[in-house]
Amino acid sequence: MFRTLLIANRGEIACRVIRTARKMGIATVGVYSDADSGAAHVAMADKAVRLGPPPARESYLRADLILGAAKETGADAIHPGYGFLSENAEFAESCAAAGVVFVGPPPDAIRAMGLKDRAKALMAKAGVAVVPGYLGDDQSLGTLTAEAEKIGYPVLIKAVAGGGGKGMRKVDGAQDFAAALESAQREAKSSFGDDRVLIEKYVTRPRHIEVQVFADNHGGAVHLFERDCSLQRRHQKVIEEAPAPGMPPKMRAAMGEAAVKAAKAVGYSGAGTVEFIADASEGLKADRFWFMEMNTRLQVEHPVTEAITGFDLVEWQLRVAWGEELPAKQKDIAIHGHAVEARLYAEDPANGFLPSIGTLERLSLPDDLRVDSGVREGDTVTPFYDPMIAKVIAHDATREGAARKLAGALARAKIAGLRTNNAFLIRALGSQDFLAGEIDTGFIDRHLKDLVPPHAPDDAILSAAARFVADDRPQTDDPWDARDGFRVNGASAQTVRFTAGAGRLGGAVPPGIEVLRLRNGDIAAMRAGETFVLHPYDPFESAEGAGVAADRIATPMPGKIIQILVKPGERVKKGQPLAVLEAMKMEHTLSAPADSTVESVDVAAGDQVNDGTVVVRFAKEAAA
Ligand code: ADP
């Protein structure tokens, strides 16, 4: 077996790979950017090598530096994790040239699946059903329009080089086609440097069901059943599970067979995932699923497959890469119970799921089920990488049991210092339709109002925070540190005021609420997986200061302004989009905090901005 494994990744996946390597007696080497010098994966690895500055293209995407680190540390294999260089055929080739084993498929298999149109054509030839559509080289508007007509609306335009839902547009009718095509091409060009598209029939009531496959270098190929990843937001997975609810045995067999066929058709080796789209408008049917694409790496959601099969897929990857045969035969792989995974993100559902950067001043995750995390309390979520905090995975005999266990575990999580989607996940897992298995890729959009209800502190939260403020006396003698000023004497001597309301003192503090003071002086009150941040009302805080939030809107993180949607003098309604910011590889809409009038627009489309850059100022009268 390998002696030393370098993990060319960061965060939870680097930690997860290290865990298995350690179990197998393999020494580990971590790599890191300057933003990660104190990160969990660096602390966990036996050795760690600095790559470069924080941006991924100067660190985690630098194949030369990674190979240099492998040489320097004597690593005989490199595990790429997911993302970064994991599906980069040239990197796989460079590893081979440097005499280091790339833990992944052969470069040609990566290439064959790299472009959506080529992959689809290849699969069709191998006898795997693909979504009906147009895959041709002729990219003229005339041809594409005619092809869309032939396929029949609604159709989906996809960038052939696409990923992460970019360059993808659903078109409902001929009148919208030209405009949608143009914007898909523009996004594809800027994201992938390739504006070619394909057109597909848009599947109604789509369910995303994927099959885990594994192949070795001795002709062996198996599948490890399916995962359902239909709970998505903006084509990004949020909750995944295995097996797929309501899956007829006949369809499961057909999907497994098709996936293995796909792997064999490209001479696959190692772990891969074949993604299918299924039409669930009349329940799942064995003849209503089609190949979408193959991901030639380990997937984020692989733990649900590990939970139901009992196998360690990273161990399988390492054994296969070392040259061993697959650890199990198809007949020995079975489904045990049900597993559900939730992706806990540093993001703000109430604010369009905008990534939330900052320090995890409190982070306590349940320890009685599987948690794959790459951050610890005190760590910082930076704007440079994916803002995932953890994946939490529950396994139980039944789907309902697993969902309940997972929701219960998330409800015991305590997180403060930045916003998370935890309460949103808990609500999704507990919703009637989810528990009934009524899921498809439109689930989250349809249920958004229930999943992201108004987030206002109630009396119990306010009282707990009030008690905390009253008891929390600073150690210093500096009168400016004294918290007494927050207490309002006189008529309401028994209350502590926050900008969001007053909390009563006296009476018992409700159980199950944990309160702490954040570094900025705000109070975080955590209950049932939900965190409320309260700003102590300070009579000395000037009216001007109090109005800061309402009289302007600033960027929440560094990025690039890609669109300005309002003009000075324009009247805007609360929630109305003002500008679009591209940050952390996604587009974020900045919206009006209240009904107001735009006084000035301080940035222009194309501007690179820091966090805290003022984008729009509102007229004074309206802000008051
Ligand atoms: P990307 O590589 O950009 O993530 P995919 O081809 O994997 O794009 O598709 C992402 C998601 O878009 C799928 O999980 C599914 O929800 C939806 N989708 C893709 N193709 C179709 C289709 N033909 N009909 C309906 N939804 C689709």
Subject >> Close pairs (6 angstrom Cβ cut-off, 6 or more residues apart or separate chains): assigned to a helix (DSSP H, G or I) in the stretch 174-187, among the acidic types (Asp, Glu) and surrounded by 13 or more Cβ atoms within 10 Å (Cβ to Cβ) anywhere >> reply: Gln185/Asp195
**OP:** Check whether at least one residue in the stretch 424-431 is touching a strand residue (DSSP E or B) at 6+ places or on another chain (Cβ under 9 Å), assigned by TED's automatic domain parsing to the domain that holds Asp348 and either acidic (Asp, Glu) or assigned to a loop (DSSP other than H, G, I, E, B) (or both), and report yes or no.
**Re:** no
Subject >> Single unsatisfied condition, Ser94 versus (1) closer than 17 Å to Gly11 by Cβ; (2) in a helix (DSSP H, G or I); (3) in contact with a helix residue (DSSP H, G or I) (Cβ under 7 Å, 6 or more places away or on another chain) >> reply: (1)
Original post:
Of the residues in the stretch 105-122, how many are assigned to a helix (DSSP H, G or I) and more than 13 Å from the ligand (Cβ to nearest atom)?
Top reply: 9
Subject >> Of all residues making up the stretch 412-430, the number that are among the polar types (S, T, N, Q) and at positive phi >> reply: 0
**OP:** Within the stretch 161-194, work out how many residues are modelled with pLDDT under 95, in contact with a helix residue (DSSP H, G or I) (Cβ under 6 Å, 6 or more places away or on another chain) and more than 9 Å from the ligand (Cβ to nearest atom).
**Re:** 2
Original post:
In the stretch 207-224, which residues are surrounded by fewer than 21 Cβ atoms within 10 Å (Cβ to Cβ) and out of contact with any helix residue (DSSP H, G or I) (no Cβ under 6 Å at 6 or more places or on another chain)?
Top reply: Asn217, His218, Gly219, Gly220
**OP:** Tally the residues that are open to solvent by less than 50 Å² (accessible area, probe 1.4 Å) and not in a strand (DSSP E or B), restricting the search to the stretch 577-597.
**Re:** 3
Original post:
Quick one: in the stretch 229-239, which of the residues that are open to solvent by less than 10 Å² (accessible area, probe 1.4 Å) and either outside the structural domain of Ala339 (by TED's automatic domain parsing) or within 11 Å of the ligand (Cβ to nearest atom) (or both) is nearest to Ile426 (Cα to Cα)?
Top reply: Leu231
Subject >> Residue under evaluation Gly417, criteria (1) open to solvent by 30 Å² or more (accessible area, probe 1.4 Å); (2) out of contact with any Asp or Glu (no Cβ under 7 Å at 6 or more places or on another chain); (3) touching a residue at least 40 places away in the same chain (Cβ under 8 Å), criterion not met >> reply: (2)
**OP:** Might you check whether a residue that is at pLDDT below 85 and either surrounded by 14 or more Cβ atoms within 10 Å (Cβ to Cβ) or out of contact with any Ser or Thr (no Cβ under 9 Å at 6 or more places or on another chain) (or both) occurs anywhere in the stretch 518-531?
**Re:** no
**OP:** Give the stretch 128-139 a look and list any residue that's more than 15 Å from the ligand (Cβ to nearest atom) and open to solvent by 50 Å² or more (accessible area, probe 1.4 Å), or say none.
**Re:** Asp137, Asp138
**OP:** Select from the stretch 277-299 the residues that are more than 12 Å from the ligand (Cβ to nearest atom) and under 24 Å from the mean Cα position of the chain (by Cα) and list them in ascending order.
**Re:** Thr296, Arg297, Leu298
Subject >> Close pairs from the stretch 315-327: first farther than 10 Å from Ala215 by Cα, partner aromatic (Phe, Trp, Tyr) and part of a helix (DSSP H, G or I), Cβ under 7 Å, at least 6 apart >> reply: Pro327/Trp316
Original post:
From the set of residues in the stretch 140-149 that are open to solvent by less than 40 Å² (accessible area, probe 1.4 Å) and more than 15 Å from the ligand (Cβ to nearest atom), which is nearest to Val17 (Cα to Cα)?
Top reply: Leu144
Original post:
Quick one: which strands (runs of 3 or more DSSP E) sit completely within the stretch 335-386 and have at least 3 residues that are in contact with a strand residue (DSSP E or B) (Cβ under 8 Å, 6 or more places away or on another chain), modelled with pLDDT of 95 or more and surrounded by 20 or more Cβ atoms within 10 Å (Cβ to Cβ)?
Top reply: 338-345
**OP:** From the list Phe468, Phe443, pick out the single residue that is within 17 Å of Ala244 (Cβ to Cβ) and out of contact with any helix residue (DSSP H, G or I) (no Cβ under 6 Å at 6 or more places or on another chain).
**Re:** Phe443
**OP:** Find the residue count for the stretch 566-593, including only residues that are aliphatic (A, V, I, L, M) and over 21 Å from Pro355 (Cα atoms).
**Re:** 2
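The values are calculated or read from the model by the stated rules, or taken from the named source; none is laboratory data. Since the structure is predicted, the reported quantities are computational estimates derived from the model, not experimental observations. Cβ: placed from backbone, ideal geometry, glycine included. Neighbour counts: every protein chain shown. For the accessible areas, the whole protein counts, side chains as well, though only heavy atoms, and no ligand, DNA or RNA atoms are used. Shrake-Rupley method; radii C 1.70, N 1.55, O 1.52, S 1.80 Å.
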